[in-house]
Structure formats: structure tokens, C-alpha cells
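The values are calculated or read from the model by the stated rules, or taken from the named source; none is laboratory data. Keep in mind that what you see is a predicted model, and the values were worked out from it rather than measured. Using ideal geometry, Cβ is built from the backbone for each residue, glycine included, and neighbour counts are taken over all protein chains shown. Please note that ligands, DNA and RNA were not included when accessible areas were found on the heavy atoms of the full protein model with its side chains. Shrake-Rupley method; radii C 1.70, N 1.55, O 1.52, S 1.80 Å.
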Amino acid sequence: MSELLQRLVATVVGPQHVSTAAADLADYAPAGTPPPGDVVVWPASAGEIAQVLEVAKGNGAALLAVRRGTRRRAVGSTRPGSAPRPARPTVLVDQRRMTSVLHLDETSLVAHAQAGITGRALEEVLGRRGLTLGYFPLEAFALPLGALLARRRPELAAARVGPIHGACLGVSAVLADGLVVHSRVAPRHAAGPDLLQLLLGCEGGLGIITAAVLRVRRIPESRTLSAFAYPTVPGALEAGVECLRRGARLAALRVYDAADAARCLGDGGAEGPDVPAAGALLVCCCAGPTELAAAEARVLADAAKAFGGSDVGAAPAEHWWRRRTDSEEGPAAKDPDALVLPAPLPALAPLHAAVVSASTAAHARCRVSIARLHRGGGCVLVTLEGDKRSRERAHDRILEAAATIVGEPCDPLREATAALRAVLDPGDIMSPGSLAVAPC
Amino acid sequence: MPPAAKAGLVDALAQALDRTRISSAACDRTAYARDLWPRGLIGVAHGDVAPSPPDVVVWPETTAEVAAIVKVAVARGVPVVPFGAGSGVTGATWPTHGGIMLDLKRMNRFVALDGDALTATFECGIVGEHLEHELVRRGYTMGHFPSSIFCSTLGGWLAARSAGQASTRYGKIEDMVQGLEVVTGSGQVVRTGTSTVGPDWNQIFVGSEGTLGVITEATVRIARAPEVQLMRGWEFARPSAGLEAIRRLLQRGLRPAFVRLYDEIDTFIAHLGTSGPWRGRAGRRAPGPDGALDELRRAALSLAIPHVGPLARAALGLFDRVSRSGCLLVLGYEGDRALCTAEEQVGNAELVRAGGRDLGPAPGLRWLEHRYDISYKQSKVFHDGAFVDTMEVATTWEHLLEMYEAVKRAVGRHAMVMAHFSHAYPEGCSIYFTFVGGSSSRREAERIYDACWRDGLHAALGASGTVSHHHGIGLSKAGFMQEHHGELMAMLRALKRVLDPAGIMNPGKLGLP
Ligand SMILES: Cc1cc2nc3c(=O)[nH]c(=O)nc-3n(C[C@H](O)[C@H](O)[C@H](O)COP(=O)(O)OP(=O)(O)OC[C@H]3O[C@@H](n4cnc5c(N)ncnc54)[C@H](O)[C@@H]3O)c2cc1C
């Protein structure tokens, strides 16, 4: 079957862009697990994906959008290695050849690019024009756009935009019936439900995203960095959140607990910031027109003082900024001792407390910071330390505690989503098994 | 509605809610037969006051009652039309297939406020003005100020994707929604919340115009009540210069609350409403509607109805004056005092750089004072056989001027047209065209009216615009949904099948069956 599929698909994309070789297929599976498909294809356009879909359909095969390199997960799948292996032949679609920037509209500040381009590659193109996607965590830039948008990722957020899918103004996608659809690009509309939102976050289950139009912004003309020490983490957090509530459109802010501040901002021979033992450090970046950035910095300083903070000078914040732009900030995604826990704003303080008590109960040490704050939420970033067993115990306890505070990933209208899939994809061709989560 | 479905409907509904809140009286059926769609108002001027009355009107008070009503409708195959306050201007509440008119205004309670999360929850029948009062007395604002705030509801805003006058700062209603309670077309009660997997259901029910379900409760984002409002007027030689200034301002990261740039004719009309020139002198009246519409009406009639000779001459004089009037920009910041002051400073410098002439605070304050006035005076226009309507479309900055010219040309073939640019975003802007035309014959007036919409929307869509920015689709633009969405319409039809399998929810709207 694989050979037949390979031959048929090769007529669409050319023989050099299709493979059944074990080494190629293994690129899309967690190490030590079987590949999630029988044939991998590297199409060059949405039209080719639509034709590959026709071939798959005609041969009783499924289609799974994947990305290469991570050896961990299918595009948009909820958990590492969780993309279920369908019980029938499966064609893997990797859009790594679809990396063109189709249009850069510098008047409207929108970029139209194919889904296979990584955030980093797009950021390079933008950077040459004085533009950027925004201050998203660096791990957002490692992903191709298609993967970035196929799953809702509350953890990949920037202060001014919120989660990254909020930057998406439109997509092109291939639907299960082979139609290539393009959502109309406009700042806003009142033309019924926002159908774009059926494709974003749909894990390839309602359509494969082949291109996206994203809002971009000009690289700010000036930046003011500041840092404040606090007796407690909740105090620092409250000061930062207060600025957001007052309407300051900060570019980025982060709260380190004392241990994380010492570890992250005190290396390289320089002295760590002056933070009380059980205290915290709030670092913040105001960016934009010079006068505005300065005014925002003043609002921040006022809030900082009102919440018991003391100004520790800009140096720790400058250190933070270099770290966040030079290297992967926060715990690396692949680090088993690292956790990234997104939560709404009011849940961040309880979540932080729960993390600390769960790790204490497990006799593990943890360093914590609260980052990626925006007016809708933020993330508690945890790095576990101590012996292996207590780290593992703490890891599980923290996840349990987090689940009770913020809940598991869920779809409040799970049955409707399943029914929609059944209507749009009666043959269950597109990413079978996707979107299968618990109801909220 | 087929007689079989009708028989016993009231009795069946009486199982769902108290009989005193069910009516099939002729006066109620007439009152709910239409919204404020101007095409309907042409009919009204000719005595057709109830183009499509519902069979029954119901006033539920709880979500459970709404669910029970929908279940009755499903069992009998009777249409249900959710009704907020009927301020819609697209025919979205016209019960074209008869059935049950479900007025939500008795579901008007304030439910909760979370000052930490900055969210508030209300039942959806609450009228905008009351909603804002609930927030203001607690020290907050929703920041949603449609001109119809006194006669529209939260549910109507959500269902039609409404925009308020301060949308540049606070966003449109879809930017504010955090969670919904909805009774779907099968009578099931669902809560959307923030989904982390699958579609963003908030954004699916927002804009659904009652075709997928009834929104019964909503949680929306709020803000702290502003400490200051800094208003100002500016004059630009041409719309293009004003637009360029707005674009630069927003793309530098500034977020004024109010941004309204009037083209030459709209500026002139605004100017007419003053007792003296608005040009920045304190004490003089800045733009306002009084009198302006009268002049507009006379001008329109003179253009549209050739036998009104002397008025035609007045119209020519009007256009001569227009060409010299420049373009007025009203711009205002609100929020935290220190931040707004800094924003205004940076913004002013940008506007001066772009060639704007500072008119001082007076025009801005005057606009603020009268911002809800104009809309309620329009009906007079219809009495003389003329019509006035507005077409609000949006696109990215790259296509904005092209869309402006294209729509003006297209509609201008049939009626007098002017525009202002409001609801500005870093990536684009909406244009609000006002067009006035008419004829003493109803059929001819409707023909001209339809031609304005047909040609205007084709022009907007052809210039990469949207079919609507904030009034919604209803009946008036239903025929343009396919052109707006293209093949994506298949997804909307699929949604309809899933959420309203019996096809009873507000049939005929949004280009759906
Ligand atoms: C003078 C005037 C000024 C206006 N200014 C503005 C403006 O500045 N900005 C703006 O956006 N609009 C404006 N409008 C248009 C109108 O006010 C909006 O479309 C508003 O959102 C309609 O609200 P409503 O409660 O009156 O809804 P209705 O007209 O009663 O209904 C509108 C649509 O929503 C559906 N609907 C209503 N409630 C619900 C519910 N709870 N659940 C599901 N569906 C529901 C109806 O079925 C219908 O499809 C203006 C209208 C007028 C007459």
C-alpha cells in the first residue's frame, strides 16, 4: 500500500518530494516509537496538498500534518507523542518547502507567509525591514507558522498581543473535501461568526493551514528597562499586574523569585540582584515612542513603590533583556525538570503558591518565575532541583495542583466540535484522532 | 408559518413560561415585525408598517425558560428569532418565516464583577446604557459606546459584532467577550469560556445573529473608569492626509479611544449643525447634527427628485461650500492621566508633522457632548420620500483609499454619499459611508436603495474590503456572504447543521437557509 501511495503521490509532488524510507519517517515520531505514517510528502503549495488529499482519499488513507525535527509531536497535537497512529495507511504532510513570505505589506503592517516558514525565519525577513512579530517567547519562533497556529498556545504570549494566535488576521487552508479556502483579511468584520477561528487551534482536524497573514509591528524606537525588589513574589506580581490594569501597554514584564533571580541574573561573575531571601524581582520593559515609554516607566515605578517595591536600578533588567533576546528564555521545553504553566491573571498567585507547596511537600527545590504576562494571563515557569525522585514527585504534584487551579486543556463544546468534524470530514481523513479532549 | 405548526403554539409555550409573558396580540406582532433597517423604513413611509409579523412574542426571564421555548420550537418546527432591542439596521430580526419572537429584555440582570480579572458578567437582554451605569457606579467601564447605546442590548451587540465609538482603545465587542452562555438551536445550554483546544467558540457565537442559538449571558472584559478624557479637533486638507496621520499614530503604538476623520462632505454636514464656525474657537459650537440633516435632506431630495427645482440650486451651493471645508479629525484619549497625557503629547506632534492644524479641544468636546444625538433624527428624512442609510466596511490601510474611492463612485451613481473614517486599528480602518437618495415612488426608492447596496458592496469587496464592519448582515447583506467568505461559507453551513439541526434559529439570515 505504501508503495502504491508513494507512486501516486509522487505524480503530484515529484518523486524527490515523497518518501517511505524509515529514516525519513522516523523524523516525525518520538524516539523509540513507530512513525505516525507510511509515506511522507513535502508539497510546495496548497494546491499540491489538495491533490495529495484526493490521492489519500481515493486509497482509503488518512492525512496527517506533521513537522520534522522535533521527533516528538504532530502539528498541533496536544501532548508530546500523542498523535495517535491511525489504523489505516497515513500520508504525512510536512510543509517544510512552503517557506515563502508571500507579501509584506509595510503600509498595513501585515505579513503573509506560507505555513512552513518558522517564526525565526520570518522574524529575520521582518527584522531587515525594521519589523517584528513582537516580544513572544523565543520558543514561539522555533515553530513553523502552521504548527504555531494549529494549536492554541496560551503559553506563547506577548504582553501587548496576548497569545500568538491573536496576531493572526487570516489563513489559507485545505479542507477535507479538497477545497482550498482563504479567509478574508481585514482588521475586523461583522460578517457572521469568525470562521477563521474554526481553523486556528483545530489541530489539522478541520483543515490544514497552508498560509497565514499575521500582524507585525515596527521595532520600537526606544526602550526603558527597570527592576524592583519585593519582599514577596505575590507583591511583585501584583505590582506588575496593577500596571496592566491601569492600561500601561508594557512590552514585557517578568517576576523572578529570589532563587531564580540569583540563578538567571547573577551569573557570569556579576553580582546577583539585591533581592531579599524570600523575595522577588520585577523586571519590566517599556518600549515605543521615547516620551511614552518614559511615561509608562513612571507609571510602573509608582505602582512598584505602592506595592512595597524598591528600585534596584536597571542593571538586572538589562541582564534579563540580553538573556531573553540572546537565548532561549525560561525552562527549555524539552527539560523534564521544567514546567510552563499558563493561567489567567487572578490564578497566577494561587498557582505560584501551589507550585511552591507541592515541591516542598515532595522535598524538591524549585525556582519559579512568572512571565509572559499580558492582560488576560501569564505563565508560571518552574525549574525543579534536587534528587531525581523528589523532582519526579514534585513534577506530578505540581501538575495535579495546576489542574485543580486552571483545569486541563479542554473544549467546552466537544460534542459540537466532533459533530462539525463529522460534517466537514465524513471520511475522517484529516488528522484522525485530533481534537479529542475532555469537555471542560 | 404553516397553520399546523401554529395551532396550539401558545398553549405549548405556556408550558415553558407564564402566559402573561406570551402574546399573539396584533399590536405586539406589529411592533415586532421589523427592526430599523432603512429599507423597511421606506415601506413604513408608504404605510407598510408590519412587513413580516411574528406569530407569537415571548418574554422569557431565565435561561431555563429560553431553553424550554427553543425545545417547543424544535418539536413543532417553528422559527425562533432572538430579539434584543430591535435597533439593528439590517433586517436581522425580521421574522420573515413567522414564528416566535423571543425578546430578551427581561433578562437584564447584572450578574458579577471581578475587579482582579477585570471582567463583568451580565444577562444578555440588558440595555447598553444600563449596563454601563452598573459598571460606572462600581468604578469601571466597558468602553463600548455604540451610538445606539440607549436602544440596544448586550446580546444584540454580541450577535451583530457591534463596535463602539471608543473601539480603537477598547476594541470591538468581539475583543471584549470572555465567555458566553448560549442556548443552542437544539435547546441545549452551553458555556463557552476560554477553550484551549478546538475552535474558539466565543468567536463562533459572536456575530451569529441568532442563527446558531440564543446568547443568554456574557462575561466581558472591562476597564477601570478613565481618570481623564483628552479631546481635540484637527483639520486636514484631504482625507488621505488625515488617514496617513492616523495610521502613523497607531503604528507607533498610541491608542487613542476616539478616532473619527470626516471627509469633506461629512465635515461640512457636521459644520452645518453648528451655529457658527467650529474652527477651534472656545465658546463657539463645534460639529453637531442639529439642522445638518435638514440641509442634507433637502439636498438629497433635490438631487433625487428633480421636480424640486429651487432645492436643486441649494444643493449646488452646498457642494461649492463643501469643496472648501477641509476634513475634520476628532481624536481623544481616555484612561490613566499620566499615560494619556504622554500619549496626547506624542500624538499631537505626529499630527502636526502630518500637516494637521490643531483646532484645540472645543471640536472634540462638542462631539463628545453630542455623540449620541444624530442617529435619532434620521426618520424625518424618510417622511419626504427620501432615504438615508449607512454602509460600514473595513479593510487594511493598503487598500483603504482605493476602497473609499471605489465605494463613493459606485454609490454616488445613485445617491449622495459622504463618509467618515472611524474604528481605526494599526492594520486598517473602517469607513462609514452615509448615503441619501430617494424617490416619491416606493418601488423606485427601493430600486435606487438596492442599487446603492449592490454596487457599493461589490466595490468594497472588489477593493479587498469587508461586507460589514459592525452592523452585521441580517437580510440586507445576506446575498453578499458568499462573496465575502468564498468557499469558507461551507464551514458556516456546517456550523448551522451542527448547532441548529432543525433549522429553526432565525432562518434566512446571514445567507443561511
Ligand atoms: C441610531 C442607531 C445608531 C447605531 N449605532 C451603532 C453603533 O455605533 N455601533 C454599532 O455597532 N451598531 C450601531 N447600530 C446598530 C445596532 O444598534 C446594533 O446592530 C446593535 O448591536 C443591535 O442590538 P439590539 O439589541 O438592538 O439587537 P437587535 O436589533 O434586536 O438584533 C440584532 C441581531 O442580533 C440577534 N440577537 C439579539 N439578541 C440576541 C441574543 N441575546 N442572542 C442571540 N441573538 C441575538 C437578533 O436575532 C438579530 O439577528 C445603530 C443603530 C441605530 C438605530
> Given the Cα atoms of the stretch B:110-224, and with Rh set as the inverse mean 1/r over their pairs in the Kirkwood sense, what is Rg to Rh to two decimals?
Replying inline: 0.94
> Which value in nm describes the separation of the simple spin-label points at A:MET1 and A:GLU385, placed 7 Å from the Cα toward the beta carbon?
Replying inline: 5.2 nm
>> Which positions within the stretch B:333-356 get 30 Å² or more of their accessible surface covered by the other protein chains, compared to the chain by itself, with a 1.4 angstrom probe?
In response: B:ASP336, B:LEU339, B:ALA342, B:VAL346
>> Need one number: the % of Cα-Cα pairs in the stretch B:58-166 sitting beyond the 23 Å mark.
In response: 32 percent
> Can you list the residues, at least 5 places off or on another chain, whose amide H is less than 5 Å from the amide H of A:VAL39, using H built in the peptide plane?
Replying inline: A:THR90, A:LEU92
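Leaving out ligands, DNA and RNA, what percent of the accessible area of the protein assembly as shown is carbon and sulfur, probe 1.4 Å? Spell out each step's value before the answer.
Working: 17480 of 33250 Å².
Within the protein assembly as shown, the accessible surface is 53 percent carbon and sulfur.
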> Summed for both chains, how many Å² of accessible area, to the nearest 100, are buried between A and B with a 1.4 Å probe?
Replying inline: 6100 Å²
> Over all Cα pairs of the stretch A:142-212, how is the pair count split among 5 Å bins, expressed in % and running from 0 up to the last occupied bin?
Replying inline: 3, 16, 28, 24, 19, 7, 2, 0
> Where the only charges are on Cβ atoms (+1 Lys, Arg; -1 Asp, Glu), what is the dipole of the stretch B:1-45 about its Cα centre, to the nearest 20 debye?
Replying inline: 120 debye
>> Can you give me the distance in nm between label points at B:ARG337 and A:GLU400, each placed 7 Å from the Cα along the Cα-to-Cβ direction?
In response: 5.2 nm
>> Just to make sure I understand: if all protein chains stay in place, what is the order of B:HIS420, A:HIS182 by accessible area at 1.4 Å, largest first?
In response: A:HIS182, B:HIS420
> Rounded to the nearest 500, what is the protein assembly as shown's calculated 222 nm mean residue ellipticity when only DSSP H runs of at least 4 contribute -39500 (n - 2.57) each, over all residues?
Replying inline: -11000 deg cm²/dmol
> Taking only protein heavy atoms and a 1.4 Å probe, what accessible area per residue, in Å², does the stretch B:110-224 have with all protein chains in place?
Replying inline: 25 Å²
> With the other protein chains left in place, how much accessible area per residue, in square angstrom, belongs to chain A at a 1.4 angstrom probe?
Replying inline: 37 Å²
> Within the set B:LYS172/B:LYS496; A:LYS305/A:LYS388; B:LYS105/B:LYS172, which residue pairs have Cα atoms separated by over 31 Å?
Replying inline: A:LYS305/A:LYS388
>> At a cut-off of 50 Å², which residues of the stretch A:403-429 become less accessible once all protein chains are present than in their chain alone, using a 1.4 Å probe?
In response: A:PRO412, A:LEU413, A:LEU420, A:VAL423
>> Rounded to the nearest 10 Å², what accessible area does A:LEU341 have for a 1.4 Å probe in the complete protein model?
In response: 10 Å²
> Under a plain spin-label model, where a point goes 7 Å from the Cα along Cα-to-Cβ, how far apart in nm are A:ASN59 and B:ARG447?
Replying inline: 6.0 nm
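Would you mind getting the accessible area per residue of the stretch B:1-50, heavy atoms of the protein chains only, 1.4 Å probe, in Å²? Could you put the intermediate results ahead of the total?
On the way: 2510 Å² over 50 residues.
Averaged over the residues of the stretch B:1-50, the accessible area is 50 Å².
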> Where Rh is the Kirkwood radius over the Cα pairs of the stretch B:1-49, the temperature 10 °C and the viscosity 1.306 mPa s, what D in µm²/s does Stokes-Einstein return?
Replying inline: 123 µm²/s
>> Using a 1.4 angstrom probe on the protein heavy atoms only, could you order A:ARG375, A:ARG152, B:ARG443, B:ARG255 from most to least accessible area?
In response: B:ARG443, A:ARG375, B:ARG255, A:ARG152
> Which value, in debye to the nearest 20, gives the size of the charge dipole of the protein assembly as shown about its Cα centre, when Lys and Arg are +1 and Asp and Glu are -1 at the Cβ?
Replying inline: 800 debye
>> Run the Debye formula on the Cα coordinates of the protein assembly as shown, all scatterers equal and no solvent, and tell me log10 I(q)/I(0) at q = 0.06, 0.08, 0.09 1/Å.
In response: -0.44, -0.80, -1.01
>> Calculate the FRET efficiency for A:GLU124 and B:ALA225 from the Cβ-Cβ distance with a Förster distance of 35 Å, rounded to the nearest 0.05.
In response: 0.20
> Around A:MET98, which amide H atoms from residues at least 5 apart in sequence, or from another chain, sit under 5 Å from its own amide H, with H modelled in the peptide plane?
Replying inline: A:GLY116
